[in-house]
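Since the structure comes first, as structure tokens, the remarks are kept for the end.
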Amino acid sequence: MAECEAKSEVTGSVWKIVTEVGQQVEAGDTIMIIESMKMEIPVVAEESGTIKAFLVKEETPVTEGQVVAVLES
Amino acid sequence: MSADRKTEGSPETRRVRLEREFAARQAKALAMGGAERIARRTAAGVLNARSRIDGLLDPESFIESGLFGVSSSRAEDRDRSAADGKITGFGRIEGREVAVVSNDFTVMGASSSSTNGRKIAHAKRVATQRGLPLIFLGESSGARMPDHMGSRGMGTLLGNDPTQYVRMRETPWASATLGLSFGSSSWYAVLSDFCVVRKGAVLAVSSSLLASLAIGEAVDPQDLGGWKLHAEVTGFADMVVETDEEALAAIRNFLSYLPSHCNEAPPELAVPEGSGADMANVIDLLPEKRTQVYDVRKIIRAIVDKDSFFELKPRFGKVGVTGLSRIGGRTVGIIANNPLSKGGALDTDACEKITSFLVLCDSFNIPVVLLVDTPGFAIGTDAERKRAPGKIMNFMQALQMFSMPKISVVLRKSYGQAYLNMGGGRNSDEVAAWPTAEVSFMDPTFAVKVVHGLSPGDAGFDEAFASMSKDSEVWDMAGAYAVQSVIEPHTTRDYLIRMLEVHRSRMTNGVGQHLLRAWPTSY
């Protein structure tokens, strides 16, 4: 099992986490949505895997490149 | 009787002797670095330099130049330097002539030498003078040692060609990095108009061993120059593939969109059946809510000829989508904002990517279509540190100097300076807008804050926002003829086919001015 990180590609704040720990996701699936520049910008899974942990909560401010979730693939 | 062994004996004997010698020398050259090395590569699933040429070119079309070249610096290397490690020649792709340089890593690591330097120079000279695309299949350990050592080595081997690294884009260059690639093999890769990298390959200035010696710490080759670095960080990789075969197919595909040289229009192909079939519902690909994002590539694929979208640098500067395509059978460059990434706010990577794409299209007579949905340029301290003003102006200058037809279609947002960079106003030959377009100096939410000092949730915000948003609708702009057309989304493909025909460069037989031909290949 390899771990992979999901990162926010924008500075903003976590608007909505749309997955749960333990949930299986496919590459391209939305894990959570960041609000930035008045837009809803998804954090998507780069690879298929299972959500192992979230490193942020809803309304947490995030910066560009910040790891927001860890997946096991 | 003559002592000359070439002419000794009867004509029959002489012919046999000449044939035997030729066959022996030919077999030795074609054996490359030996059966054992070739077998190791085959076992690893990697093609050799000659099988790569076979996979690249039309069958039986290769004519080699320099088969009998060997090391000319050191006599002791002559017997182990088949074709001197770089196989060069000419062949055809889809019936069109091309020039090829294929590095043979089994021969002295395909290191650069005096003889193979002359072979590459010849291939480049012929390609440039005769109008042939030039292809580099890269895998080289760099400069040959010890040939280059000392002042005699330097004086003899380097700097003798003042045009060695000049790109004037007379003809397209395409490269594949298919193994360890250092020195000139990397230089030619990044000088090319298209650079495909196979996973597992390394494209770097020098080897990880040399880098480790220089900086005193272990360096992982993939960190130094692996596919992920070049796909996502440097942007050098236009495409990443899993196998050699896929890389060769990618080069063939890339060249199918391009003319053989800068003085002709790109080839035209038949329009595939089913093209435009998804246009009826194209509006459904655009979210109704203005804060929601979507993948603009779905809209691109609906508009262009079926399966013709050839995306470049998909993992770099993802806010900007660039790719070659065909519309109505003719090559068209697509530049689009992708709201899926960063909401479509253009960052410096996207600026570089779009600039280099404009240079490619301008150099090889390819019109562009810009699909616009951007809230503007990404701003903030990070953008300024990455020299955003310079990148934005490089992009802008490239667009204004672009001499082929350019048509801009505003799908949704077009704000501020980004409105100009994406072809707004007179920065394209035609501007069309979907009825969903909103054009203004800044996002109405920010404008309400700047003008009225109100934030969402404040009393009066909603009214002020509604007023500010109404002024952003496209109809006033159409009324002033600042967009030439408002088009229904499902008619976009037909509109573009027709308008690209109107704007065809008839006066020059489809050839542009190439004002960007000497611009860099990376920024």
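I'd like the residue in segment B:488-498 that is of a type outside the set (Ser, Thr, Tyr) and surrounded by fewer than 18 Cβ atoms within 10 Å (Cβ to Cβ) and, out of all such residues, is farthest from B:SER325 (Cα to Cα). Step through it out loud before you land on a result.
At the first step, the residues of segment B:488-498 found to be of a type outside the set (Ser, Thr, Tyr) are B:488-490, B:493-494, B:496-498.
After this cut, where a residue has to be surrounded by fewer than 18 Cβ atoms within 10 Å (Cβ to Cβ) as well, the list is B:488, B:490, B:494, B:498.
On the way: B:GLU488: 22, B:HIS490: 19, B:ASP494: 15, B:ARG498: 16 Å.
Residue satisfying both the conditions and the ranking: B:GLU488.
Could you list, in sequence order, all residues of segment B:295-304 that are outside any loop (DSSP other than H, G, I, E, B) and either within 14 Å of another protein chain (Cβ to nearest Cβ) or among the β-branched types (Val, Ile, Thr) (or both)? If you could, list the steps in order and put the result at the bottom.
Residues of segment B:295-304 that are outside any loop (DSSP other than H, G, I, E, B), as a first pass: B:296-303.
Across segment B:295-304, the qualifying residues are B:VAL296, B:ARG297, B:LYS298, B:ILE299, B:ILE300, B:ILE303.
Check off (1) within 17 Å of B:GLY328 (Cβ to Cβ); (2) surrounded by 16 or more Cβ atoms within 10 Å (Cβ to Cβ); (3) in contact with a Ser or Thr (Cβ under 8 Å, 6 or more places away or on another chain); (4) not basic (Lys, Arg) for B:ASP278 and give me the number that stays unchecked.
Failed condition: (3).
Kindly indicate the residue of segment B:277-294 that is part of a loop (DSSP other than H, G, I, E, B) and of a type in the set (Val, Ile, Thr) and also farthest from the chain's Cα centre (by Cα) among those meeting that condition.
Initial filter on segment B:277-294 (part of a loop (DSSP other than H, G, I, E, B)): B:277-278, B:286-291, B:293-294.
When the remaining residues are screened for being of a type in the set (Val, Ile, Thr), the result is B:291, B:293.
Details: B:THR291: 33, B:VAL293: 27 Å.
Filtering first and then ranking leaves B:THR291.
Out of segment B:417-467, which residues are polar (S, T, N, Q), closer than 30 Å to B:PRO405 by Cα and over 31 Å from the mean Cα position of the chain (by Cα)?
Taking segment B:417-467 and keeping what is polar (S, T, N, Q), we get B:417, B:421, B:427-428, B:436, B:440, B:445, B:455, B:467.
From what's left, closer than 30 Å to B:PRO405 by Cα: B:417, B:421, B:427-428, B:436, B:440.
Within segment B:417-467, B:THR436, B:SER440 meet the criteria.
Could you list, in sequence order, the residues of segment B:419-435 that are in a loop (DSSP other than H, G, I, E, B) and of a type in the set (S, T, N, Q)?
The one that is in a loop (DSSP other than H, G, I, E, B) and of a type in the set (S, T, N, Q): B:SER428.
Tell me yes or no: at least one residue of segment B:190-198 is touching a His at 6+ places or on another chain (Cβ under 6 Å) and buried (at least 23 other Cβ atoms within 10 Å of the Cβ).
Pass one, segment B:190-198, residues touching a His at 6+ places or on another chain (Cβ under 6 Å): B:197.
Right, trim to buried (at least 23 other Cβ atoms within 10 Å of the Cβ) and you get B:197.
Yes - at least one qualifying residue is present in segment B:190-198.
Please enumerate the residues belonging to segment B:48-61 that are assigned to a loop (DSSP other than H, G, I, E, B) and surrounded by 20 or more Cβ atoms within 10 Å (Cβ to Cβ). Break it down stepwise before answering.
Taking segment B:48-61 and keeping what is assigned to a loop (DSSP other than H, G, I, E, B), we get B:48, B:57-61.
Result: B:ASN48, B:LEU57.
Within segment B:305-402, which helices (runs of 4 or more DSSP H) (wholly inside it) include 1 or more residues that are away from chain A (no Cβ under 11 Å) and surrounded by 22 or more Cβ atoms within 10 Å (Cβ to Cβ)? First the steps, then the outcome.
Details: elements: B:348-363, B:381-385, B:388-401.
Filter on segment B:305-402 gives B:348-363, B:388-401.
If you take the residues of segment A:5-46 that are polar (S, T, N, Q) and part of a strand (DSSP E or B), which of them is farthest from the other protein chains (Cβ to nearest Cβ)?
Going through segment A:5-46, the residues polar (S, T, N, Q) turn out to be A:8, A:11, A:13, A:19, A:23-24, A:30, A:36.
Then drop every residue that is not part of a strand (DSSP E or B), which leaves A:13, A:24, A:30, A:36.
Details: A:SER13: 14, A:GLN24: 22, A:THR30: 10, A:SER36: 6 Å.
Within segment A:5-46, the match that is farthest from the other protein chains (Cβ to nearest Cβ) is A:GLN24.
Any idea which of B:VAL197, B:VAL205, B:VAL190 is part of a helix (DSSP H, G or I) and of a type in the set (Val, Ile, Thr)? Before you say what the answer is, go through the steps one by one.
On the way: B:VAL197 fails: part of a helix (DSSP H, G or I); B:VAL205 fails: part of a helix (DSSP H, G or I).
Of the residues listed, the single one that is part of a helix (DSSP H, G or I) and of a type in the set (Val, Ile, Thr) is B:VAL190.
Are any residues in segment B:212-242 out of contact with any helix residue (DSSP H, G or I) (no Cβ under 6 Å at 6 or more places or on another chain) and among the aliphatic types (A, V, I, L, M), and if so, which ones?
B:LEU213, B:ALA214, B:ILE215, B:LEU229, B:ALA231, B:VAL233
What are the residues in segment A:36-68 that are within 23 Å of B:ASP382 (Cα to Cα) and in contact (Cβ under 8 Å) with a residue 40 or more places away in the chain, if any?
Correct list: A:VAL56, A:GLU59, A:THR60, A:PRO61, A:VAL62, A:THR63, A:GLU64, A:GLY65, A:GLN66, A:VAL67, A:VAL68.
When you check B:ILE87 against the structure, is it within 19 Å of B:GLN26 (Cα to Cα), in the same structural domain as B:LEU157 (by TED's automatic domain parsing) and surrounded by 14 or more Cβ atoms within 10 Å (Cβ to Cβ), yes or no?
Details: within 19 Å of B:GLN26 (Cα to Cα): yes; in the same structural domain as B:LEU157 (by TED's automatic domain parsing): yes; surrounded by 14 or more Cβ atoms within 10 Å (Cβ to Cβ): yes.
In short, yes.
If only one of B:SER151, B:SER102, B:SER114 is among the polar types (S, T, N, Q) and in contact with an Asp or Glu (Cβ under 8 Å, 6 or more places away or on another chain), which one is it?
On the way: B:SER151 fails: in contact with an Asp or Glu (Cβ under 8 Å, 6 or more places away or on another chain); B:SER102 fails: in contact with an Asp or Glu (Cβ under 8 Å, 6 or more places away or on another chain).
Within the list B:SER151, B:SER102, B:SER114, the selection yields B:SER114.
The values are calculated or read from the model by the stated rules, or taken from the named source; none is laboratory data. Just so we're clear, the structure is a prediction, and the values are computed from it rather than from any experiment. A quick note on method: Cβ atoms are made from the backbone with ideal geometry, for glycine too, and the neighbour counts reach across all protein chains shown.
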